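For reference, the structure is listed below as structure tokens.
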Amino acid sequence: MSEWTEQTNGSTSDLDQEIGRPSMVLDVVVRAEFHALLVASLWLLFVGHNLPGGGFVGGLVVVAAFGLRLAAGGSAELLKSLRIRSEVVLSLGLLVATGTALLGLVNDGTLLQSRELHVTLPWLGEIATSSAFFFDLGVYLVVVGSFHWLLEVFSEPESEGDFE
Amino acid sequence: MTTLVALVVAMLYGIGVYMILQRSLIRIVLGLSLLSHGANLLLLTSGGSAGVAAFIGRFTGDDKVVDPVPQAFVLTAIVISFAMTAFCLALAYRSWRLTGNDDVAQDEEDVRLAEMIATRNGKP
Amino acid sequence: MIFAVVAVAILGIGNRWGSRVFLVASVGPLAALVWAVSAASRVGNGDLPTESWTWVSSLGLIIDFRADWFSILMALLISVVGIGVFLYAVSYFENSRDVARIASALVMFAGAMFGLVISDNLLLLFVFWELTSLLSYVLIGSNEEKPGARVAALHALLVTGSGGLAMLAGFILIGESADTYSLSAIVHNPPSGMVVNVAVLLVALGAFTKSAQVPFHGWLPRAMEAPTPVSAYLHSATMVKAGVFLVARFAEPFSDTTPFGPVVVVVGCASMILGGWRALRQHDLKLLLAFGTISQLGLMMVLFGSGKEKLAIAGCVLLIAHAAYKSSLFLVVGIIDHQTHTRDIRRLGMLGRKWPVVAGVAVAAAASMAGVPPFLGFLSKELAFYGFLDWSEPSGLIVLCVVAVASAFTVAYSARFVWGAFFSVRSGRAVLDPPVSTPSPNAWFALSPLVLASLGLVLGVLPLLLESLVSGSVKSLGFEVPTIHLALWGGFNAALALSALVLVAGAWMFVGRRAIERIQARFEGVPSSVGVYDATVRGVLALSGRVTAITQSGSLRVYVAVLVLTMVALPSIPLAMNGWPGSWPSLVDSPIQAVIGIIMITAAAAAAVFHRRFASVIALSVVGYGMAALFVVQGAPDLALTQVLVETLGTVAFVLVIRHLPEKFVVAKSRGNAAAIAVSVAVAVFVFWFALSARTVSETAGPEAVVATQVESTESERGPAVEERTVSEEYLERSKPEAHGSNVVNVILVDFRGLDTLGEITVLFVAAIGIVGLIRFGARRSKDRTEVDQEVVDS
């Protein structure tokens, strides 16, 4: 709790001032929910090929979780929610997606050609999936990275700005 | 497509256009959002009326399956229109930071040119 | 190829060598000369050297070179005159800046010209053609500090460039109707028909602009702003001959079936008379020569355009003779200009006594131009008269008269040139009285004109040397001719009598030049080609200004309204033609749809009406959640999920931005609001109609409505009628076995249409960068990012 106070005082964000000191209930709920949402998003990503879900939806769920953190704790809290810089996530996602697309080109001579993969995962056992999963993973990362970045920028405290 | 959905689409378009024709940038952005909603709905429902979602193994021969192609298009369109909306918002924000309002200004170059031509024609 | 290398090399050497780079530059034409001679020997042995690479095969653009005698003739002109001009330029540009640029442009020009005459593909020919236009722009405007030079360069570029475009259109029409773009194939087997008639006229238009024929001749006198070596090379010997070259190529195959021949002859006659007439009143030596060139080019047009073999022979001889005498005359003017700093014959004179060699060169060249025996010019005139006398139709007689009159003009202005520059005593005082230092030109300076002028004499006396070249050229133009014997002395006949008559008449006109000048003074008010061009340019600029003032009101609202109305108006036409869809669809799919729909319409209207920004945004998000609900009803769970999440985030983004802005919108002024409402209503009505029509298409679809078709059959029902499957059906079928997924929408996104998705995430990427830039750039950050990172790591 003391740690929390310190941080809000440290931030000069007017958004934080607007929100004021968050209620402890919200704080706790958000912290609990955050990780649940992360798990849920991963689940959506994995089953996306066969059930509702996929890279977009999964990514958006994560971003919604970020949004909650933002609402609960302001911009500083938002920054804490992703430990890697969002630009990096964004670029990595684009890289993965493009890489998968090009891999199809190398393997079969066709862009984005998918192939069946058999992967053994802990707990879940062997699952049959498709190399398109990695493409979807790239989409997921791009969505997470870009939306996080946008939230970050939009929630930044207004600078004392000399725009020129 | 039902009559009601067609009406909803038409209203979204109409109100969207009305808002785009306003001067405030924020309203224009709102109008763009409404327009893209209308377009998405039109695209989706022109694929046929409601039915069972297109999951292999989830429908039988008698079920009416929804066309998956418009859905894929619309999914893409939703994300892209969000990106566009966010971009316009950023534009509105910057415009406000620079000029102190979020109104769309007249294009000064064009206005000046029109005046120049007018004065030249005015002279005998 | 060599030209390009030399041009680059010259740019590399730059100005360090001064005007001596022209020595390097002459390597280009020298190589062309070597090539031409070697090609000549091969052609003499009966085989045609050809080279061919495919460039853009789908357009029929093949780099196709082919040498026949006529190409070799042109190549020889280009290379011989080119060497002469380059050697001369060493002295001319002695103290000039920026020599390297001119030199390299000149070499590239020579290369382009060379390519033009040996290319065997119409499109390739066009490429070289426009290359020469562009390079001539650079060369005319090479003195960029002189406004006159810039205007002249632009004039030349606009006229020859647009002529070139007309020519391209003609080439394409011809190429398409002949099914080949090979020049030799077309000439061998010319197409015919109405389209071809139009096409050849367009080609003729291109040729007229390039060869400065009436009424496009205005650019050539203006182009005299160029340095004299450039004028000598481009505007007498080579570039303007490109039009003649083209006419010569097209004359024989198209003169019988199309109006090509008559048009060329008429325009040529007009240019001859007008050029000669205007040349008589010029005081600037260069302008005098320029109008003379127009006249001579007109004569060449007539000779080649007539499509008669004897006249073509005369044309070939005239090509050679003209290149020799006109370039040497230009070079002489260059010497005069360089030494005395004037070209005005009212201030010149008496130079003959000081510079006997130069005067001799000028006299020889002018005599050749006037057609005085024994020069080559005389031979060409003689051959021309001989050919015209052979022309049996009455029109031939008219043309003959025109040519005779124009030739008399030529004699008169030739005499005027020589007299005015070198011998006129009375006006000569202007130069001599104020003792302007007029240093004599050195031997090197005078060498090139001397050689070029003496070519006219040598070839005139010994026309035997030209026999095989000329007869080969005429043959390669498609004429059937027996071996030609060229001889200076053809015996006493009508042609000789005509030549004599022309000389006498020209001399009489020269003597009576005062009277002629008085007559000419009366025609001052007649609109000239330059005036017409200037008026056209002014008119276009004014028109574009006015159009801009009308179409660009500067108001975004007006632009958007116009766009939207166009979007409504254009598709309304086919919609109205199809008529009313006929039946109304069912009102709703389910009761819940009705509830959602009504909520959405209300919320959308509220978003428009509210004055508080925040309320509007909330209303918008209600619409968005309504969309998600509709998606669920429609059977699109992926969409619904995405829509809910995007809407949430969008609302967050809106709120984050508008917290900075004033609470309320500025109340819109009533002006224009009614118009906005009217436009919106029109859009709404149109979209409603459109949506209903789209419904009828998709639900009564045949196989042609591929994408929007309802998928009603499933795998089990699908019979052998595979070819009628829609895209959607195919995706449904292939999703599991080929892409290993059962969520068809997701499979489409990441597999079947994965490239779309790749594009989409790229859009996200770019938009994110743009937004960050818009918001962060230029703003001082209150808290540095790295500090926050540090905190994150610490915690």
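The values are calculated or read from the model by the stated rules, or taken from the named source; none is laboratory data. Values in this document were obtained by computation on a predicted structure and should not be read as measured data. Reconstructed Cβ throughout: ideal geometry from the backbone, glycine too, with neighbour counts over all protein chains shown.
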Exercise. Out of region C:107-131, which residues are free of Cβ contacts under 8 Å to residues at least 60 places away in the same chain and of a type in the set (D, E)?
Worked result: C:E130
Problem set entry | Total residues in region C:521-542, condition assigned to a helix (DSSP H, G or I), at pLDDT below 75 and loosely packed, with under 14 Cβ neighbours inside 10 Å | 1
Exercise. Could you give every pair whose Cβ atoms fall below 9 Å, whose first residue belongs to region C:604-619 and is more than 17 Å from B:D103 (Cβ to Cβ) and facing chain B (nearest Cβ under 7 Å), and whose second residue is assigned to a helix (DSSP H, G or I) and among the basic types (K, R), counting only separations of at least 6 or pairs across chains?
Worked result: C:A607/B:R27; C:A608/B:R27
For this session: Name the helices (runs of 4 or more DSSP H) wholly inside region C:19-94 in which the number of residues that are at pLDDT below 70 is 2 or more.
Result: C:21-25, C:27-44
Exercise. Taking the condition modelled with pLDDT under 80 and within 7 Å of chain C (Cβ to nearest Cβ), does B:A53 pass?
Worked result: yes
Exercise. Out of curiosity, is C:F388 closer than 20 Å to C:F479 by Cα, part of a helix (DSSP H, G or I) and of a type in the set (F, W, Y)?
Worked result: yes
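Residue by residue, here is whether (1) modelled with pLDDT under 70; (2) hydrophobic (A, V, I, L, M, F, W, C); (3) assigned to a loop (DSSP other than H, G, I, E, B) holds:
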site: A:G67; (1), (2), (3): no, no, no
site: A:G99; (1), (2), (3): no, no, no
site: A:F135; (1), (2), (3): no, yes, no
site: A:G145; (1), (2), (3): no, no, no
site: A:F163; (1), (2), (3): yes, yes, yes
Problem set entry | Residues (within 26 Å of C:G759 (Cβ to Cβ), surrounded by 18 or more Cβ atoms within 10 Å (Cβ to Cβ) and more than 10 Å from every other protein chain (Cβ to nearest Cβ)) located in region A:63-91 | A:V89
Exercise. Would it be correct to say that C:A362 is touching a residue at least 60 places away in the same chain (Cβ under 8 Å) and over 28 Å from the mean Cα position of the chain (by Cα)?
Worked result: yes
For this session: Under 8 Å between Cβ atoms, at least 6 apart or on separate chains: pull out the pairs that start in region C:589-602 with a residue that is farther than 16 Å from C:Q634 by Cα and more than 8 Å from chain B (Cβ to nearest Cβ) and end on any residue that is crowded, with 21+ Cβ neighbours inside 10 Å and not hydrophobic (A, V, I, L, M, F, W, C).
Result: C:I599/C:G626
For this session: Pick out the one residue from C:G360, C:G334, C:G371 that is at pLDDT 80 or above, under 19 Å from C:M509 (Cβ atoms) and either in contact with a Cys (Cβ under 8 Å, 6 or more places away or on another chain) or not charged (D, E, K, R) (or both).
Result: C:G371
Exercise. Looking at this structure, is C:A223 over 22 Å from C:G478 (Cα atoms), buried (at least 19 other Cβ atoms within 10 Å of the Cβ) and hydrophobic (A, V, I, L, M, F, W, C)?
Worked result: yes
